[in-house]
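Student: Could you have a look at this structure, given as structure tokens, before my questions?
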Amino acid sequence: MTSLSEDPPSPIGEDDRDTAVRRLQEAYAEGHVSHEEMDEGLDRVLTAEGRGELASVLDSLPAEKPGSTSTIAAAGGRIRRGGRWRVPRILKVESAFGRVRLDLSRAVIEHPVVDIQLQLGTGNARITVPRDAIVDIEGVHSGWKDSRYRTPRRSRPGGPTIRISGTMGFGRLKVRHARR
């Protein structure tokens, strides 16, 4: 017979685990934890069996900044951002029909890592990133055409990391670096 204090730990969902991994990586990128601390934390997060174990890893990290997620959505038509605009830590872009144009070349990017999460039905997406940005499009899944991105020949260190993920039904993602 088990006592109340021996209840099994509440199960962890994949979203919870992914969020914990992202927070650890951000803390490392921002210099809040060392490489060794991040490795140890990742090991604890990936082997955790209950929410309490996740919480013990995350409690030592700085709190997430409020307002670090923003959503741009349109049922149909175009989604366009360009010029000087403030890029949130997480940008969700949702469109059932229409084109998406995001130009981050002159945008204000305050975070070392920016996640762009695409949820597009039909239509192409074109994202222009700063010249010194590091781009990761491994998380993009397309039902129709492959994504297009070519790593620049010469890149300068110190730019933001732009991680693009999500799903595109019928359309293509094109990512390019700004020329200036």
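Student: Given H placed 1.01 Å from N in the peptide plane, which residues other than close sequence neighbours of G166 have an amide H under 5 Å from its amide H?
Tutor: The list, which skips near neighbours in sequence, is L118, V140, H141.
Student: Based on the mean of other beta carbon atoms within 10 Å per residue, what is the order of 77-84, 20-27, 132-139, most packed first?
Tutor: Going by the mean number of other Cβ atoms within 10 Å, highest first, we get 20-27, 132-139, 77-84.
Student: Here's a follow-up. Please work out the average accessible area per residue across the chain, using the 1.4 Å probe convention, and give it in Å².
Tutor: Spelled out: the 1.4 Å probe surface of the chain, per residue, equals 62 Å².
Student: OK, next. Do you know the relative contact order of the chain, to the nearest whole percent, from alpha carbon pairs under 8 angstrom that are 6+ apart?
Tutor: Details: 363 pairs, mean separation 30.5, N = 180.
Dividing the mean separation by the residue count of the chain yields 17 percent.
Student: As I understand it, the value is the acute angle between the Cα axis of helix 35-47 and the longest principal axis of the Cα atoms of the chain; what does it come to in degrees, rounded to 10?
Tutor: Value to nearest ten degrees: 70.
Student: Taking the Cα atoms only, what angle lies between the long axis of helix 14-29 and the longest principal axis of the chain, rounded to 10 degrees?
Tutor: Helix 14-29 sits at roughly 80 degrees to that axis.
Student: Right, something else. Which cross-chain or sequence-distant (5 or more) residues have an amide H under 5 Å from the amide H of I79, H modelled 1.01 Å from N in plane?
Tutor: Placed amide hydrogens put R99, V100, R101 under 5 Å from I79.
Student: Here's another thing I want to ask about it. Per 5 Å bin from zero, what fraction in whole % of the C-alpha pairs of the chain is there, up to the bin with the longest pair?
Tutor: Histogramming the chain at 5 Å steps yields 2, 7, 15, 17, 16, 15, 11, 9, 4, 2, 1, 1, 0, 0 percent.
Student: Please report the carbon-and-sulfur percent of the accessible area for region 96-143; probe 1.4 Å, protein heavy atoms only, DNA, RNA and ligands left out.
Tutor: Here it works out to 46 percent.
The values are calculated or read from the model by the stated rules, or taken from the named source; none is laboratory data. What you see is a predicted model, and the numbers here were worked out from it, not measured in a lab. Quick reminder, even Gly has a Cβ in these numbers, built from the backbone with ideal geometry, and neighbours come from all protein chains shown. In case anyone asks, the SASA skips ligands and DNA or RNA and just uses the protein heavy atoms, side chains included. Shrake-Rupley method; radii C 1.70, N 1.55, O 1.52, S 1.80 Å.
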